[in-house]
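Accompanying notes for the structure given below.
The values are calculated or read from the model by the stated rules, or taken from the named source; none is laboratory data. No experiment lies behind these values; they were computed from the predicted model shown. As a convention, Cβ positions derive from the backbone with ideal geometry for all residues, glycine included, and neighbour counts pool all protein chains shown.
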Number of protein chains: 2
Amino acid sequence: AERGQILDGASIAKSIRSKLKEEIVELKTKFPTFSPGLAVVQVGNREDSNIYIRNKLKFSKEVGIEAKHVKLSTTATQAELVSALERLNGDPSVDGFILQLPLDSSEPIDADFCTSRIDPAKDIDGLNFWNAGKLSRGHLKDVLIPCTPKGCIELINRTGCTNMEGKVAVVIGRSKIVGSPMKDLLINCNATVIVCHSKTENLPEKVKMADILVVAARQPLMVKGDWLKPGAIVIDVGMNSIPDATKAKGRRLVGDVDFESCKPIASWITPVPGGVGPMTIAMLLQNALECAKHRLKKQSQFTWSMR
Amino acid sequence: AERGQILDGASIAKSIRSKLKEEIVELKTKFPTFSPGLAVVQVGNREDSNIYIRNKLKFSKEVGIEAKHVKLSTTATQAELVSALERLNGDPSVDGFILQLPLDSSEPIDADFCTSRIDPAKDIDGLNFWNAGKLSRGHLKDVLIPCTPKGCIELINRTGCTNMEGKVAVVIGRSKIVGSPMKDLLINCNATVIVCHSKTENLPEKVKMADILVVAARQPLMVKGDWLKPGAIVIDVGMNSIPDATKAKGRRLVGDVDFESCKPIASWITPVPGGVGPMTIAMLLQNALECAKHRLKKQSQFTWSMR
Ligand SMILES: NC(=O)C1=CN([C@@H]2O[C@H](COP(=O)(O)OP(=O)(O)OC[C@H]3O[C@@H](n4cnc5c(N)ncnc54)[C@H](OP(=O)(O)O)[C@@H]3O)[C@@H](O)[C@H]2O)C=CC1
Ligand SMILES: NC(=O)C1=CN([C@@H]2O[C@H](COP(=O)(O)OP(=O)(O)OC[C@H]3O[C@@H](n4cnc5c(N)ncnc54)[C@H](OP(=O)(O)O)[C@@H]3O)[C@@H](O)[C@H]2O)C=CC1
């Protein structure tokens, strides 16, 4: 394969959003009461979360999804958060919602307990244990797939790699939100999957085996060009803000992959920013629309011919 | 490490059972109403299932667990099976139960739908999606772990390998009941895990990397000695009945590993029979006791000092 091709998440995400927009317009025409609704729950006031949420709300609006922001103070208790989530479970104007992580709270809150209180049918980030269990056991029908790994699969497919049989995929990271569901999806795609993490020894040796490499390690610029198998597809999930005196803000955003040294060796590589980030939001919108369509179907104004 | 040591599941399982028996006697002395109860639900009449179930009931009795066999006919419908499961969910004499798989039914029954109707707190095989989700996301507190993979970890630990950091573990197979939860547990033990299955190319090359190898592929005698990394720990989950004219029954039981060629290369290896099989039953009893203790604790006759 040709080397150094850029997997342009920003423009792929844009085209996905415009398809979603068209589909929503069509559905609204056919079903005048159809109005997909999304909510984002935030605890506290982290700067990065504020930016992510602003983008999520902006793009929701752009494609025709009604989005609301439920913001709790840093002093909110777990009980208060759970009742906010349960209110959204019961709110017919909200088809799906997410709890923005990490929480910014002065109270002891168990985030996993809280995400598992989200109705599985409204759980757009796929973090409820019920959804995680379905995903991890290969039940991909009727399950919401976490947005970031879903976007990574979409990116891999866009390189032309739609059949992963016989391919080796290496995932660096095993978090609930990225690494673990990513591994589940790759296994489901029939790749042979190697799961690496901070306790892995000789990481470059494992990375060398990867036809497909997904890095979600929160380690700025960790993966170097000479670690790669020539021709690998490289998906960089990392978003790290590092000091950079040459920038006006004194910082810049980098991935977990050393883009400069990896680009000439990889067949395809995602940039940071403009790779996985915009895809995550596009998948969030896609999941929200799926929830809304599911409800529409259940309300049985839906005909089988729609899909 | 020394080569060719036999990991004697039969005797390890026996010592686990006698510990369980002691613990149950002790609990019954302290709490006279304590009476752990297990049920095994069977649909149909498969010969192999009959044998497994007979063993499960026999060993339950041996350690002091009240076990009942709920046998439905091959013509039972899904609705009938689900109501049998729901009856057990509500039955205070049953602390935990399993649905024996595969089902032997003339009716269309979705086994996953049914196992997910089992109360997560009584789900001794850990197949409810809620339990699978917890396990696959590393929440091992308060979750029932599928018996076969749990037994495999116990066996690995018994070799002296209690810290898997920096080790490579290869799992062959990705089924819901063995391969997938096995991989989850190994990741949780901090091994670097390679997941292989029928679509994996060049399997011997992957196996060669394994410090720890777990084979659950349903492929008689597949793994050969020259595939192994010298000194590997080899856990053979396979139970395959193959023709053998030299035997009275005309058949014999073999694993997925070619024991003869692998034994001299491995540091430790499980035999078949007498390796993983008896451990699976021991873990079933352990899980049943865990359920019973959990209930006892909830009934709060339990003091924190007990554990
Ligand atoms: N683009 C997007 O839309 C999104 C980007 N992100 C970004 O992706 C990255 C990962 O996010 P997240 O999964 O939440 O991060 P976490 O910090 O939760 O997890 C990081 C994982 O990487 C592993 N790890 C850490 N150091 C190393 C190392 N030196 N070598 C190998 N593995 C290592 C950790 O291992 P261990 O388990 O042993 O600790 C852990 O499993 C972050 O940079 C985050 O900002 C996250 C979500 C969305
Ligand atoms: N000792 C015990 O207590 C128990 C023993 N067993 C035994 O363990 C074995 C596995 O059981 P189970 O997990 O239920 O089996 P399944 O048949 O459900 O799964 C077999 C797995 O092995 C994979 N596989 C099949 N052929 C190959 C191959 N040639 N190379 C690599 N992988 C392959 C399959 O891949 P794919 O997904 O691509 O099809 C599948 O994931 C069986 O022999 C069974 O009898 C099971 C339970 C308990």
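Can you tell me which residues in the stretch B:210-242 are away from ligand 2 (no atom under 15 Å from the Cβ) and more than 17 Å from residue B:150 (Cα to Cα)?
Across the stretch B:210-242, the qualifying residues are B:211, B:225, B:226, B:228, B:229, B:230, B:231, B:232.
Can you spot a residue in the stretch B:207-219 that is within 10 Å of chain A (Cβ to nearest Cβ) and of a type in the set (Val, Ile, Thr)?
no
Might you let me know whether the stretch B:65-77 holds any residue that is hydrophobic (A, V, I, L, M, F, W, C), touching a strand residue (DSSP E or B) at 6+ places or on another chain (Cβ under 9 Å) and within 16 Å of ligand 2 (Cβ to nearest atom)?
no
Hey, which of the strands (runs of 3 or more DSSP E) in the stretch B:224-273, taking only ones fully inside, have at least 3 residues that are farther than 21 Å from residue B:169 by Cβ?
Correct list: B:240-243, B:251-254.
Among the residues of the stretch A:27-48, which ones are at pLDDT 95 or above and of a type in the set (S, T, N, Q)?
A:29, A:35, A:42, A:45
Any chance you could count how many residues in the stretch A:90-103 are in contact with a strand residue (DSSP E or B) (Cβ under 7 Å, 6 or more places away or on another chain) and surrounded by fewer than 17 Cβ atoms within 10 Å (Cβ to Cβ)?
Looking only at that region, the number is 1.
Out of the stretch A:189-198, which residues are within 16 Å of ligand 2 (Cβ to nearest atom) and facing chain B (nearest Cβ under 7 Å)?
A:190, A:192, A:193, A:194
Is there a residue being closer than 22 Å to residue A:125 by Cα and not polar (S, T, N, Q) anywhere in the stretch A:238-249?
Among the residues of the stretch A:238-249, at least one is closer than 22 Å to residue A:125 by Cα and not polar (S, T, N, Q), which makes the answer yes.
Step by step: first the residues of the stretch B:100-140, then only those that are under 15 Å from residue B:180 (Cα atoms) and touching a Lys or Arg at 6+ places or on another chain (Cβ under 6 Å), then the one that is farthest from ligand 1 (Cβ to nearest atom). Which residue is that?
It comes out as B:129.
Only one of these conditions is not met by residue A:106: (1) over 22 Å from residue A:295 (Cα atoms); (2) under 20 Å from the mean Cα position of the chain (by Cα); (3) away from chain B (no Cβ under 14 Å). Which number is it?
Residue A:106 satisfies all of (1) over 22 Å from residue A:295 (Cα atoms); (2) under 20 Å from the mean Cα position of the chain (by Cα); (3) away from chain B (no Cβ under 14 Å) except (2).
Which residues, counting only those in the stretch A:176-191, are part of a loop (DSSP other than H, G, I, E, B), farther than 20 Å from residue B:201 by Cβ and of a type outside the set (Lys, Arg)?
So the first thing to find is which residues in the stretch A:176-191 are part of a loop (DSSP other than H, G, I, E, B), and the list is A:176-178, A:189-191.
So of that shortlist, the ones also farther than 20 Å from residue B:201 by Cβ come out as A:176-178.
Across the stretch A:176-191, the qualifying residues are A:177, A:178.
Whether any residue in the stretch A:174-188 is within 14 Å of chain B (Cβ to nearest Cβ), more than 16 Å from ligand 2 (Cβ to nearest atom), touching a residue at least 60 places away in the same chain (Cβ under 8 Å) and buried (at least 19 other Cβ atoms within 10 Å of the Cβ) is what I want to check.
Yes; the residues of the stretch A:174-188 include at least one that is within 14 Å of chain B (Cβ to nearest Cβ), more than 16 Å from ligand 2 (Cβ to nearest atom), touching a residue at least 60 places away in the same chain (Cβ under 8 Å) and buried (at least 19 other Cβ atoms within 10 Å of the Cβ).
Could you tell me whether residue A:194 is more than 9 Å from ligand 1 (Cβ to nearest atom), part of a helix (DSSP H, G or I) and not hydroxyl-bearing (Ser, Thr, Tyr)? Full working, then the answer.
Working: more than 9 Å from ligand 1 (Cβ to nearest atom): yes; part of a helix (DSSP H, G or I): no; not hydroxyl-bearing (Ser, Thr, Tyr): yes.
Criteria not met by residue A:194.
Can you work out which of the residues in the stretch A:242-264 that are more than 9 Å from ligand 1 (Cβ to nearest atom) and within 21 Å of residue A:177 (Cα to Cα) is farthest from the other protein chains (Cβ to nearest Cβ)?
Ranking the qualifying residues of the stretch A:242-264, first place goes to A:253.
Among the residues of the stretch B:197-223, which ones are surrounded by 17 or more Cβ atoms within 10 Å (Cβ to Cβ) and not in a loop (DSSP other than H, G, I, E, B)?
The answer is B:203, B:206, B:207, B:212, B:213, B:214, B:215, B:223.
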